[in-house]
Every structure is written in C-alpha cells, then in structure tokens.
1. I need the full set of residues from region B:46-80 which are in a helix (DSSP H, G or I) and either touching a Leu at 6+ places or on another chain (Cβ under 8 Å) or at pLDDT 95 or above (or both), in order please.
2. In region B:102-125, how many are more than 8 Å from every other protein chain (Cβ to nearest Cβ), free of Cβ contacts under 8 Å to residues at least 24 places away in the same chain and surrounded by fewer than 16 Cβ atoms within 10 Å (Cβ to Cβ)?
3. For region A:115-147, which residues satisfy the criterion of being within 15 Å of A:LEU81 (Cα to Cα) and assigned to a loop (DSSP other than H, G, I, E, B)?
4. Among residues belonging to region A:289-319 that are of a type in the set (A, V, I, L, M, F, W, C) and in contact (Cβ under 8 Å) with a residue 60 or more places away in the chain, point out the one that is surrounded by the most Cβ atoms within 10 Å (Cβ to Cβ).
5. Among the candidates A:LYS11, A:LYS36, A:LYS59, A:LYS16, single out the residue that is in a strand (DSSP E or B) and over 24 Å from A:THR147 (Cα atoms).
6. Take the residues in region A:114-127 that are within 24 Å of A:GLU93 (Cβ to Cβ) and surrounded by fewer than 24 Cβ atoms within 10 Å (Cβ to Cβ); name whichever of them is farthest from the other protein chains (Cβ to nearest Cβ).
7. Looking for something away from chain B (no Cβ under 14 Å) and within 30 Å of A:LEU300 (Cβ to Cβ) - is there at least one such residue anywhere in region A:158-174?
Amino acid sequence: MTAEREVAVLKKIDVKDAVGTRLAHDITEIRPGEFKGPAFTKGHEVCSEDICRLQKLGKNHLYLIDLEEDEIHENQAASILAAALAGEGIAWENQPKEGKIGLHAAFDGLLKVDAAALAAFNMVDEVMCATLHSHTLVKKGELVAATRAIPLVMKRAPVERAAAVAAQNGGAVRVAALKKVRAGIVVTGSEVFNGLIEDKFAPILSAKIADLGSQVAGVSLAPDNETRIAEAIADHLDNGCDLLILSGGMSVDPDDVTRKAIRKAGAQEVHYGAAALPGAMFLTAYIGDTPLLGVPACGLHHRTTVLDLILPRILAGERIGKKELAFIGHGGLCRDCAECSYPHCPFGKGM
Amino acid sequence: MQSFDALLNESSKAHGHLCPGQVVGVRMAMLGCRLIELDEPTRRDQIKKLIVYVEMDRCTADAVAHVTGVKLGRRSLKFVDYGIMAATFVNLETGKAFRVLSTEEARDLACAYAPDVAGKGDRQLEAYRRMPDSVLFRVQKVRVNLDACDLPGPTRYKAVCSRCGQVIRDRREYLVDGAPVCRPCSEDCYFSHAREVSWPNMDWSPPAPSDPEPPRQAPARCGLVSVS
C-alpha cells in the first residue's frame, strides 16, 4: 500500500469533451443503503447521454489512458495479484470489478492465510489484499479474500514483486479440506465409570466431531487409572481410529492421571498447556501420526473452548505442537458473552 | 557457490560477529551473483569478471565483499558512500549489472516472519534467513559506465599535482584553470590543517626474514596528521 502517486500517462479531459472516448476504469455509483457498484464499466464508449449521469456521479473530468511499455492497468494487475495469492482450494474469476478481484473458497474447509507473506505483500507499494482470519471455517463459494492494485495505472515491476511475495509456499491464501476421520472418545473419571454421575462429555464431543464432517467410531469410559485409560487408547487405535479425544483428568489433582496414561499408551510427543481460556489445561499428543487431544473439564460447560480452535486445524492436517498452542494466546481469551457468537467473534483469531 | 550457512559462518567469522546485516549481506551477494550469472565468483576464472559497488560501510558491506571475493585493492570492490543498503553487481564480460537493495519493510516484517524469536536482533537475524528474496530485496537492472581508469589492472594514467607535486593515479586529479590539482590541495578533502611532522623511531624497518624482530619501544605520543 502507499500514498497516491502521480502517473504521467494519464491525461485529464473535461467530461463534456469525452464523447467517443473509452473509460479507463469502472465508475462507481453509490446510493446509500441501496446500491454500490459500477455505473459504467472500463472500456465503455462515452456517448452524449452519459454526460449528465457522469456529472451527477461527481465526474466533471475523466482520464484518458496511454500505457507505457512497463506499465499495466489496475485490472491486469489485479489478475496477476489474484493468481499469485490464490493457493490450493481457492477459486477466482478473472473479471475485476472496480479493480478488485475476490478470492473464494473452492470447497468447504479451513482457511489458511500465510500471515507473514500477506504482511509482506501489503508492504509492497500500491497493492493490497485483505482476508478473513486464518483458521476460519469457510464454506464453498464464500469470499475469503480480495485484492486490488490501488492506482489506476502502475509499474509492472512492483506488481510482479508483490506477486512473487504472495506466491511463496504455494500462495498466501488457501483452503484446506477437512479430513473425514474416525474418532475415538475416551471419557475418563471414576465417578462416570462407576455410574455415580451421568457422562455429559461424549455427546458434546460427538456433536463437535460430527459438525466438522467426521464420525465417532466409539466411546469408552475409563476410571482414573493410568493403565485402564492407556488400554482404552490402545483399543481405539486397534480399532483403526485416526483421532483420539480424551476428556477429563487433565488438571492437577492426584486423581488426574490422563496425561500419564497418554504417555503410557506410547505417546512420544506430548504438549500440555494451551494459551487459551477456556482451555489452559488442553493437551495435544501424538502416537505415531495419530493425534490425541486432551480436553479439560471446561469443555463441559463452555460452548466454545480451545478445542474449537484446534480440532479444525487437526482435521485440516496441521500438526499441533508447542508453538501452535502458544501462538493462540493473542486473542485466546474468550469474553464469555451471555450469547456466544463464535465464530463471529475475536476468540482465537489473533494469529 | 557454497551453501548459505557455510558462507554466513565464514563471513561472520571474518567480520567479527554474526548479525542481521551479515545475513542480509550474504543473501544480497548470493542474489547479485545469481543475477549476473556467476556461480563461483571467487574462482580464478570468474573473479576477474566481477565488480561490486557497495553503497554503505556497514556489516552488510563486509558480507557482500566476503561472499563475492571482491577487494578494494583489486579494484573489484567499489565503495560509494550513499548510506543506502544496496550493492550493484557488474559482470564485466556480459555488461550486465543489477543493483540489489535491501527493503526497509523487511525490518517491519521481522515480527511477522519470526514471531517465535524474542529480542530485536535475534528476531531480525532469523527473519532475514526465512524471508524470500522478494521480501528482503528489490532489484534494479542498471547501466554502469566504468571508465578505463576504474578497472582492475595496472595504473593507466598518472598526473602530478601542480601545487604540491603529489602523484595522482587514475584520473583522480581535478583540473583548476587547466592544471592538475590533487584532492588535498583542493577544497574537496576529508581532512584539513595538514602539517608534516616527525615521529619516534623514524628509522624502523622490518627485520630481514631470518632475524628475530627486536623488541619495540613503547610508542610515544605523536601526530601524523592533525585533525580538527
């Protein structure tokens, strides 16, 4: 982005003298609360009937355009930028409107924005791209980003540099499809196992898994016993589960042994503690490539927790470790609103 | 050319420390050489094809010189004091020349590229490793008019200062009323108030290679050139 630049190749003419010339850009009409869009499109040949309408739109002068060899029009620039920004899972049409091109989700999935590349892209003069937050769940066809070149005419070199920045790692904006997994749920707690209280965790977790398009292969209950929990984990793995979610036993009480059980079951990689509230005592672990998620008790009474931030990312194929659990801290504090508006709220969107 | 890490390791040793400027300089040199199509600039067959102009006397300049092998005394390294983080790489054989500029925005983007690294210096260092060339640099294709008197090789011309008799090499003299004048005799000189002095142990010369060097006396206060 940058301040306005004088472009020598633009010649200003009085609108009254414009009959027979072609418009160099779309001309936008705004009727407050009613309409915003192009009243005239680029290339339109101005006729005498247009003059009055153009004047009503506040256009007393128009630009005549004469491109130098190293210059490009905003529409062409937008196409170059969109092509570079669009990674896997992004669909876009090469039909710039008012110099802008929208990038849309090609299928349902999780939006992934390379925030560093996006920042670097926007630091290049005279281009811009705005996106939804990374890790937002998006539907097929949804607008996830839009880009444009800011001036009507610009030099080709910065556009191409911006495109190179955007294209790093396969495109700064992409959508990752969610894998459909068979999840195993282990509800821990002797009080549930022994029937002293009814389990409320499994229905909540099952609904979240189903909402993301996966299925629950089995639910098992285990007492607060390392060996029994480890055996329940092993049973699910033997049953072909490719995701395990364990509830309860994540705290610091002597009866909270889920973490130890996860290690006993063979997890080589365990990350305990997430920079999110609710969800500080969340855990991720891996047995081979199979992820295990340990959900603390907050998952029972908060509609939205750290699980809602991490589970879609796991299903999108991301490996969640210490860094990922730490980086959600910025924006990781739920406001605990009376009426939860997640995902249309800042929770988990700081990254 | 060696790997980036090997070049950075050598360059930072030669420079005296590892710093973000070294990372930028090593990458600037690698990119510059790639653009002018010299893959082994320090190799004998390529070193004579290369001239590099550095526009700053900062850590980056040392890294550029180290990676490319250009040297002031070989006249392959030119220092132009613009205060700009840029260097121009010239291939004398093809005439191609590219000016590589370090972007200012790279500094602002360090926190985006290395958010996991604390401390400004360490974060810049890591971020400048991770950034693609397109973020770290801008490149201009340029023309460099190299005068014969700027090229490596023997001295092509000598003049004698019409005021002090100093010999001036390679057309660095000024002409005042048609007569050659050296820079110190002109107004355009970095020092002033020069007066010739004597100094202690004026008769010292290096010992012959077989003789052990005699112990030197403690240096006395002296002023070769007074600076005010």
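The values are calculated or read from the model by the stated rules, or taken from the named source; none is laboratory data. Since the model is a prediction, treat every value here as computed from it, not as a measurement. Here the Cβ is made from the backbone with ideal geometry for all residues, glycine too, and neighbour counts use every protein chain on show.
1. Of all residues in region B:46-80, those in a helix (DSSP H, G or I) come to B:46-47, B:59-68.
Correct list: B:GLN46, B:CYS59, B:THR60, B:ALA61, B:ASP62, B:ALA63, B:VAL64, B:ALA65, B:HIS66, B:VAL67, B:THR68.
2. So the answer is 7.
3. Passing the criteria: A:VAL124, A:ASP125, A:GLU126.
4. Out of the qualifying residues, it is A:VAL295.
5. After ruling out the rest, the residue left standing is A:LYS11.
6. The qualifying residue farthest from the other protein chains (Cβ to nearest Cβ) is A:GLU126.
7. Checked region A:158-174: no residue is away from chain B (no Cβ under 14 Å) and within 30 Å of A:LEU300 (Cβ to Cβ).
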